[in-house]
Amino acid sequence: MLIDTAADFDVRDYLRKEMMPHFLCPGCGHGIALRALLWAIHDLGLDKDRLAVVSGIGCAGRLSAYIDANTFHVTHGRPLAYATGLALARPDLHVVVITGDGDCLAIGGNHLIHACRRNLKLTCLMLNNEVYGMTGGQVSPTTSETRLTTTTPLGNQEPHFDACALATAAGAGFVGREVTHHVPKLKELIKAGLEHPGFAFVEVQSDCTEIFGRKNDMGSSSEMIMRQKSEIRPSAYLDTVDTPFRSNALPTGILARNDRPEYGATYRRAAAARKGAS
Amino acid sequence: MRDPVTTVRPDPASPDSPALKADRADDAFNVLIVGVGGQGVIMVSKVLALLAQSQGFEVKQSEVHGMAKRGGSVFSHVRFGKRVWSPTIPKGDVDILVALEWAEGLRWLPFLKAGTGIFICDTKRIVPPFACLNRRPGAPLRYSKETPTEVVTHVGEAYAIDATDMAEKLGNERAANVVLLGALSTALEFSTTDWERTVAEFVPKKTVAVNLEAFRRGRGWIEEARNTTPAVEAPVTRTPTPADAAYRVRLEINPVWCKSCDICVKMCPEHCLRLNADRIAELAEPERCTGCRLCEWLCPDFAIRVHLDSAGAVAQQGLAQ
Amino acid sequence: MQDARIEIRIGGTGGQGLILSAKILADALAAGGKHVAQSQTYEPTSRGGYCNADLVISDGEVDFPITTALDQLVLLDRLAIKPSWPLLKPGALVIADTRLCPELPAGNYRRYHLPLSRTALELGSERVTNIVALGALVALSNICDRKRIEQAVRAETPRGFLDLNMDALKAGYAVHVQAAAGNNAEVNVGT
Amino acid sequence: MNAIDTALTGKSAVKLISGNHACALGAIAAGCRFFAGYPITPSSEIAERLARRLPEVDGVFVQMEDEIASMAAVIGASMGGVKAMTATSGPGFSLKQENIGYAAGAEIPCVIVNVMRGGPSTGMPTRPSQADIMQARWGSHGDYPIIVLTPASVSEIYSETLRAFDLAEQCRSPVVLLYDQVIAQLSETVALDGAGHASATRKWASGPRAAYQPYDGGSDAIPAMARPGDGYRTHTTGLTHSESGFPTQQPEAVTRNLSRLFSKLERHRDLIDSSEALHCDDADVVIVAIGISARAATRAVEQCRAQGLRVGLFRPITFWPFPEKQLRQAAAKARAVLVPEMNTGQLRLVVERVLAGVAVEGLHLFSGEAITPSDIAARATALARGA
């Protein structure tokens, strides 16, 4: 099955080729994550005309421009709020949000927890590279302890956020995390998120090679991606939670799943009932 | 299509079938369960241990696992009797060897009691990465080539059962180990009710039904096998792969999109890519390329596309049939 | 410039239902073809604190909708005296609750010190003080046809409270008469 | 309540309703089918009413987690092709500003109601103010065009809400409806007829996808918008973009596209402009005021005229872009101009610029009370008598 769609899936069918090559640095994991997203979209046979991608500001935010769909590159931290309006107003669209760790968890943290709570059908893809890459490499809410960034010259002293635990606690219907190392599994995870009837939060641990990697002496792009394998332990099994090798790394896999009612449908049902009653 | 295969029945004249020996006063009864990580070896041994304990036996169980959660070799010794001294079974003392994977089963065969040991083995083959001589699909493997027919010549009583297929048909591939438990139950004198109660206690609530069915099928399969003439031919089943079809791998590399990050070069399992003088990825050793697509998937710049040139034609043939 | 302009204030504290009384009166007047502007001032708290509900009534369109010179003032709390007194027109009608607003400044106005809240309590709920006051205002000012005010009360009242509110309104119509008949010293017409 | 709403949006009826109620009714009549908001005094009645009304007309109401999210959701809904609005007051208006700038830059139609209350900061939540005039125009960063309407009565809130939605669609611009707490919570008898209103619709993209340029202004400087689902698959961004909609920093493309953006409202002044002049033709003294201050000024003008003083009133209804031509015309004969406003001189600053050379006097009140007719009349009388 995997082999079949891999042969069938040409990422270029989903890209705005006139925008390529993209602006990401060499070796940036975001490109790999974008492929996984587009592959998942391909596998599900989603109509590009009915697909809306909303993205925020930052390296991850720029990705929407490369997708051949209805794309919206909005303000910093707010893509979930824009997407909420879009999805509520247009339930016929499939709305995907692409956001980064700073966009989603720092400036947009409030929107994340409420999107999880509200459980509107949205797929939120958070690309976590542990750093504010576009602004030159400042510490972010997910930067691991002791890491060097331009604003943590002493090494990061703040504990880092576990975004999936946050999303789970806030009530997200689907929560998963994967690394870019294992593309087919990442694709399957995103696919499961896209198929989830409510709010789905998918975190992708993605390498920032040029800024974060360099600052922390993490080697070349390939060394960084190999580190995902040796430290984080990605496996090919979608339905298992993989505990990482490195002590402060976070588990991967599908971390939470529930069948809470989807908000948009619930609202429309209640409205129809009220109309019928009056 | 992948039917359970070979049976070697015990000689009806044999005076002491191991199944009758559970109440041996002196020696402990020894069951060795083997497989690879993730298959549920430990579960099989725990159920057996629990059951034996509930029947009043002293039980010792020891295992080696955790070195690889998935894919690595795992084995578990279960010994029970009136007194059990050592937790491990000496070589050649195993009464019943239960193997959840074919090659693992073969590997542990020398532990089986000569002449009387019972061998119950899943025909499931999990080929470890290091057994690959060449990554090109269809290449020869450094994996056991013995067929079940060859194997049975070494042992007193042997069952090669495609438990994985049976479990799959029940809708839960993971219940293969319970199919083998069912098979194992026919060789011990505990009552079916006790077996089933123990299994039900052990598995997650929502899978009780499927696991009990798996247990019954495993048990039923052995019972049926004992009453039928042994099959002679027993080919080991193998999932067909695209490697069976002839195709040519071609890499389409877009030099304008390539950013020279070296991920494809370093991550290629065959090391057949390199950066050329312009620091653009190129396929240096096309004959080594297996078409695994890792370079395509991991290229952050969408610069590589892997074409399996005749794959389409093969697929079309398949459709035409 | 039309000056058939009448300004009314109901003053008290938040939670007394002053705005509801003003709205009922405004609805009744509007139904009678008057142009009405109804505004309020309140403190940023849901309960308590000074609050007033004002009406500006005119035959033509109301130009400035805020009260500048009060023709009629209902006081349901002593807090309302200070902000309202400077706006009082000479000869204005002032209806004050005897218990909640026991002392009134001297001046040139028609003064009715009436047991509004006590009447409401006797009816079973102090919460209908606003409706008793409305009844008293309508009776004493003749600003509005009684049938229209009763319709407006009906329209604004949840069914379960309708009887109570109608009783309160009618008690309000009569409260000054009864107070006078009972030789209540607090009824004081004129200054 | 629904019976009243229906009557109001149906045939003409005289009813007593509040300014915020009129705003909600106007929105429904204008075709608004999405509201996102966050509770704030003194605008919450708009949200409360629309929460009940929108589901009845297959619209959506959502109370978001904050003011920023509300503005974002409104823009998101509008990007989906649905007429959308939000309502707020001072502190919330400040929070919405970044996204208002996005709507202006990406040219997304939407309506933002700002009920002005006393400031700065939390200020006086239940007291009126007119101190957001400048923020409504310049609140977001960078240069951008925006339409700001300043109704002065309950019936005008209704009619200007209708117009706000129309202008938003016609000009592809955010439109701010700016009024003070007094008229927001004031109830007035009004005769409304929403059924007769033919709402404007957005110019939607049509024709072949290959030929479509999302930010090509065409002949009227208003680009046709692509509706998601119609097959155009466009990109919308807050970054400076070229006609294609994709980001650019190429100076010529930036200049060309921003020039169109900055000038597009000027090209539609005939559509946008709205103002009212009362007794200005022969006025020695012209009062310039908006909102509740203009209501007081109306009464003051009548009082002055009754005394034979030549005093007039000019009232911008569309405040931004400011009706400069109309003001100059109204004040053509004026010796003095009086600007009563509930702030420290925001409107006065505009009037001083427009009427350079004329004596402009401000009458500023920021006590949380409305300016009274007598305050204005006293000052206007003095000015008219040449004091």
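The values are calculated or read from the model by the stated rules, or taken from the named source; none is laboratory data. All of these numbers come straight from a predicted model, not from anything done at the bench. When we count neighbours, we look across all protein chains shown, and the Cβ atoms used for this are built from the backbone with ideal geometry, even at glycine. Protein only, heavy atoms only, side chains kept; ligands, DNA and RNA dropped before computing areas. Shrake-Rupley method; radii C 1.70, N 1.55, O 1.52, S 1.80 Å.
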>> Can you list the strands (runs of 3 or more DSSP E) lying wholly within the stretch C:1-80 that have 2 or more residues being touching a His at 6+ places or on another chain (Cβ under 9 Å) and facing another protein chain (nearest Cβ under 10 Å)?
In response: C:50-58
> For D:G245, are the conditions met, namely being of a type outside the set (F, W, Y), in contact (Cβ under 8 Å) with a residue 40 or more places away in the chain and touching a Pro at 6+ places or on another chain (Cβ under 8 Å)?
Replying inline: no
> Tally time: how many residues in the stretch A:196-221 are over 30 Å from A:A170 (Cβ atoms), hydroxyl-bearing (S, T, Y) and either surrounded by 22 or more Cβ atoms within 10 Å (Cβ to Cβ) or at pLDDT 95 or above (or both)?
Replying inline: 2
> When you look at A:P159, is it without any contact (Cβ under 8 Å) to a residue 60 or more places away in the chain, assigned to a loop (DSSP other than H, G, I, E, B), open to solvent by 10 Å² or more (accessible area, probe 1.4 Å) and out of contact with any helix residue (DSSP H, G or I) (no Cβ under 9 Å at 6 or more places or on another chain), yes or no?
Replying inline: yes
> How many residues are open to solvent by less than 70 Å² (accessible area, probe 1.4 Å) and part of a helix (DSSP H, G or I) when one looks only at the stretch D:353-374?
Replying inline: 2
> Which is more than 14 Å from chain A (Cβ to nearest Cβ) and surrounded by fewer than 19 Cβ atoms within 10 Å (Cβ to Cβ), of D:A300, D:A253, D:A296, D:A283?
Replying inline: D:A253
> How many residues does the stretch D:28-53 hold that are in contact (Cβ under 8 Å) with a residue 24 or more places away in the chain, within 12 Å of chain A (Cβ to nearest Cβ) and more than 17 Å from D:G76 (Cα to Cα)?
Replying inline: 2
> What's the number of the condition D:D180 fails, among (1) at pLDDT 95 or above; (2) charged (D, E, K, R); (3) touching a Leu at 6+ places or on another chain (Cβ under 9 Å)?
Replying inline: (3)
>> Given the criteria within 14 Å of another protein chain (Cβ to nearest Cβ), surrounded by 17 or more Cβ atoms within 10 Å (Cβ to Cβ) and touching a residue at least 60 places away in the same chain (Cβ under 8 Å), does D:L313 qualify?
In response: no
>> Can you report the number of residues in the stretch D:202-228 which are touching a residue at least 40 places away in the same chain (Cβ under 8 Å) and in a loop (DSSP other than H, G, I, E, B)?
In response: 8
> Which residues, counting only those in the stretch A:13-41, are over 12 Å from B:C299 (Cβ atoms) and of a type in the set (D, E, K, R)?
Replying inline: A:D13, A:R16, A:K17, A:E18
> Going through the stretch D:316-336 one residue at a time, which ones are in contact with a Leu (Cβ under 9 Å, 6 or more places away or on another chain), surrounded by 19 or more Cβ atoms within 10 Å (Cβ to Cβ), within 25 Å of D:R267 (Cβ to Cβ) and not β-branched (V, I, T)?
Replying inline: D:P316, D:F319, D:W320, D:L327, D:A330
> Which condition does A:I190 not pass, out of (1) within 14 Å of chain B (Cβ to nearest Cβ); (2) more than 26 Å from A:N119 (Cα to Cα), if it passes all the others?
Replying inline: (2)
> When the stretch A:218-243 is examined, which residues are found to be under 26 Å from A:A200 (Cβ atoms), assigned to a loop (DSSP other than H, G, I, E, B) and within 12 Å of chain B (Cβ to nearest Cβ)?
Replying inline: A:R233, A:P234, A:S235, A:A236, A:Y237, A:D239, A:T240, A:V241, A:T243
> Within the stretch C:87-105, can one find any residue that is in contact with a strand residue (DSSP E or B) (Cβ under 9 Å, 6 or more places away or on another chain), at the interface with another protein chain (Cβ under 10 Å from one of its Cβ atoms) and assigned to a strand (DSSP E or B)?
Replying inline: no
> Quick one: in the stretch A:13-40, which of the residues that are in a loop (DSSP other than H, G, I, E, B) and more than 9 Å from chain B (Cβ to nearest Cβ) is most open to solvent (accessible area, probe 1.4 Å)?
Replying inline: A:F23
> Which of the residues belonging to the stretch A:55-82 are at the interface with chain D (Cβ under 7 Å from one of its Cβ atoms), touching a residue at least 40 places away in the same chain (Cβ under 8 Å) and within 23 Å of A:T135 (Cβ to Cβ)?
Replying inline: A:A65
> From the residues in the stretch D:74-94 that are open to solvent by 10 Å² or more (accessible area, probe 1.4 Å) and more than 13 Å from D:V62 (Cβ to Cβ), which one is farthest from the other protein chains (Cβ to nearest Cβ)?
Replying inline: D:S94
